[in-house]
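Asker: Structure in structure tokens, see below.
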Amino acid sequence: MTAWWKKKWAGLVLLWVFVLAAWQGGAMIYGPEVIPSPVETVKGAVELLNDGSLQKYIGISFYRVLSGWALGSALAIPLGILIGRVDFIRHFAEPLLNFIRFIPPIAFITLFLVWFGIGEQSKIALILYATLFIVMMNTLTGVLSVEEDKIRAARSMGATEWQIVRHVVVPATAPYIFTGVRLAMGTSYMAIVGAEMIAANEGVGFLIWNSRLFFRTDWIFVGLISLGLMGFITDRLFGWLGCKVLWRYGVVSSAPVRR
């Protein structure tokens, strides 16, 4: 018989008890001005929920992340396949990609504000940039990892280049694409926080940044927890959907998924 502390649910309970205890201990040592207690954080969340601002900020941030992430992925996947399949393009594009991808999205905020204005376009463009190179590089890696024997076999059977890409390259690259898109989602949340802190009047990042003016550390904690929950839920949903739709191509989730 398995000991109760070895069961998964028991481990999760013990983990959260430890986290909450450490959190409460920090609040008692440093005071609510530095670390608000869990109870004070809940009260701050209720306050923001009652006036409707928390739901509004979460919705705005989620819209920005989803829009930029979807657009960036939609552009990056075909570009990654094209670069991976065409040697001439890859020889010129790969060094440029490896140079630009090391420039963090936050460094482009000022330029994007000049180019796209202070509206939603600049935030979505920043998320698109944060998504583009991660997905493109993962897609490119997947294309280059396709076994040459498979391509030769398809070509010997009379397959055209388009048929090879559609029936050989894309299925073999699906796990790489899925991983890149999933990683880009996390980067998108990091980018939107920076954008909303510097150049926004709404959103979870704005909530975190603006709360410092009122010394409301409980609101800051509410914003941080909201971001964590948003990322966790969207990542799990995307992972579950990917495993349901792409399981035949070897796409697996970090958590067990029943088929």
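Read-outs: derived from the displayed coordinates by stated rules, not from any lab. It should be emphasised that the depicted structure is a prediction, and the values quoted were computed from it without experimental measurement. Cβ coordinates were reconstructed from backbone atoms using ideal geometry, including for glycine residues, and neighbour counts include every protein chain displayed.
Asker: Which order, highest average first, do 217-228, 16-27 follow once you tally other Cβ atoms within 10 Å for each residue and take the mean per peptide? Don't skip to the end; give the middle numbers.
Answerer: Values: 217-228: 20.4, 16-27: 12.4.
Descending mean neighbour count gives 217-228, 16-27.
Asker: In nm, to one decimal, how far is the modelled label at Trp247 from the one at Gln121, with both set 7 Å along Cα→Cβ?
Answerer: Between Trp247 and Gln121, the simple spin-label model gives 4.4 nm.
Asker: Using +1 at the C-beta of Lys and Arg and -1 at the C-beta of Asp and Glu, which of Trp23, Ala130, Trp162 has the Cα lying farthest in the positive direction of the dipole of region 9-162?
Answerer: Working it through, the farthest residue towards the positive pole turns out to be Trp162.
Asker: Which loop-located GluC sites (Glu not before Pro) does region 11-92 contain, where loop means any DSSP state but H, G, I, E or B and the Cβ has at most 12 other Cβ atoms within 10 Å? Walk me through the intermediate numbers first.
Answerer: On the way: sites: Glu33, Glu40, Glu47; in loops: Glu33.
Loop-located and lightly packed - Glu33.
Asker: Still on this structure, I have one more. Where nothing but the Cβ of Lys and Arg (+1) and of Asp and Glu (-1) is charged, how large is the charge dipole of the chain around its Cα centre, in debye to the nearest 20? Display every interim value, and only then the final one.
Answerer: On the way: 22 positive and 15 negative charges, 195 e Å.
Value, rounded to 20: 940 debye.
Asker: Within region 207-226, find all residues whose amide N lies under 20 Å from a label point positioned 7 Å from the Cα of Ile29 along Cα-to-beta-carbon.
Answerer: Only 217-218, 221 fall inside the zone, counting backbone N under 20 Å.
Asker: Rounded to the nearest 500, what is the 222 nm mean residue ellipticity of the chain from helices alone, with -39500 (n - 2.57) per DSSP H run of 4+ residues and division by all residues? Don't skip to the answer; put the middle values down first.
Answerer: Details: 11 runs with 196 residues, N = 259.
Theoretical 222 nm ellipticity from helices: -25500 deg cm²/dmol.
Asker: Rounded, prolate or oblate: which fits region 1-151 when a ≥ b ≥ c are the square roots of the eigenvalues of the alpha-carbon gyration tensor, with rounded for a/c under 1.5 and prolate only if a/b beats b/c?
Answerer: Working: a/c = 2.89, a/b = 1.56, b/c = 1.85.
Judged from the Cα gyration tensor, region 1-151 comes out oblate (a/c at least 1.5, b/c at or above a/b).
Asker: Could you give the length gained on full extension between Ile198 and Arg236, defined as 0.36 nm per residue of separation minus the Cα-Cα distance, in nm?
Answerer: Values: separation 38, 0.36 × 38 = 13.68 nm, distance 2.91 nm.
Contour length minus the Cα-Cα distance gives 10.8 nm.
Asker: Restrict the search to region 66-139; then list the chymotrypsin sites (Phe, Trp or Tyr not before Pro) that DSSP places in a loop and that have at most 16 other Cβ atoms within 10 Å of their Cβ.
Answerer: Numbers: sites: Trp69, Phe88, Phe92, Phe99, Phe102, Phe108, Phe112, Trp115, Phe116, Tyr129, Phe133; in loops: Phe102.
Answer in residue order: Phe102.
Asker: Looking at the square roots a ≥ b ≥ c of the eigenvalues of the Cα gyration tensor of the chain, which shape do they give, rounded for a/c under 1.5, prolate if a/b is larger than b/c, or oblate?
Answerer: Numbers: a/c = 2.92, a/b = 1.54, b/c = 1.89.
Judged from the Cα gyration tensor, the chain comes out oblate (a/c at least 1.5, b/c at or above a/b).
Asker: For Leu183 paired with Thr141, estimate the spin-label separation in nm (one decimal), with each label point 7 Å from Cα along the Cα-to-Cβ line.
Answerer: About 0.4 nm, to one decimal.
Asker: Say each of Phe215 and Leu75 gets a label point 7 Å from the Cα, pointing the same way as Cα to Cβ; how far apart are those two points in nm?
Answerer: About 4.5 nm, to one decimal.
Asker: What whole-number distance in Å separates the alpha-carbon centres of region 204-253 and region 103-139?
Answerer: Going from one Cα centre to the other spans 19 Å.
Asker: Further question on the same structure: Based only on other Cβ atoms within 10 Å, what is the fewest-to-most ordering of Thr234, Thr110? Kindly include the intermediate steps, with their values, before the conclusion.
Answerer: Details: Thr234 19, Thr110 12.
Exposure proxy ranking, most exposed first: Thr110, Thr234.
Asker: Which of Pro171, Ile198, Trp219 sits closest to the plus end of the dipole of the chain, meaning its Cα is farthest towards the positive end, when Lys and Arg get +1 and Asp and Glu get -1 on the C-beta?
Answerer: Of the candidates, Pro171 comes out farthest on the positive side.
Asker: First check a/c for region 108-259, with a ≥ b ≥ c the square roots of the eigenvalues of its C-alpha gyration tensor; if it is under 1.5, answer rounded, and if not, answer prolate when a/b is larger than b/c or oblate otherwise. Don't jump to the answer; show the numbers that get you there.
Answerer: Working: a/c = 4.32, a/b = 1.99, b/c = 2.17.
Note, shape of region 108-259 comes out oblate.
Asker: Kindly provide the trypsin sites (Lys or Arg not before Pro) of region 72-177 that DSSP labels as loop, not H, G, I, E or B, and whose Cβ sees at most 15 other Cβ atoms within 10 Å. Show your work: numbers first, answer last.
Answerer: Working: sites: Arg85, Arg90, Arg101, Lys123, Lys150, Arg152, Arg155, Arg166; in loops: Arg101.
Taking region 72-177 and a limit of 15 other Cβ atoms within 10 Å, the loop trypsin sites (Lys or Arg not before Pro) found are Arg101.
Asker: Within region 46-82, find all residues whose amide N lies under 19 Å from a label point positioned 7 Å from the Cα of Trp16 along Cα-to-beta-carbon.
Answerer: Output list for this probe position: 46.
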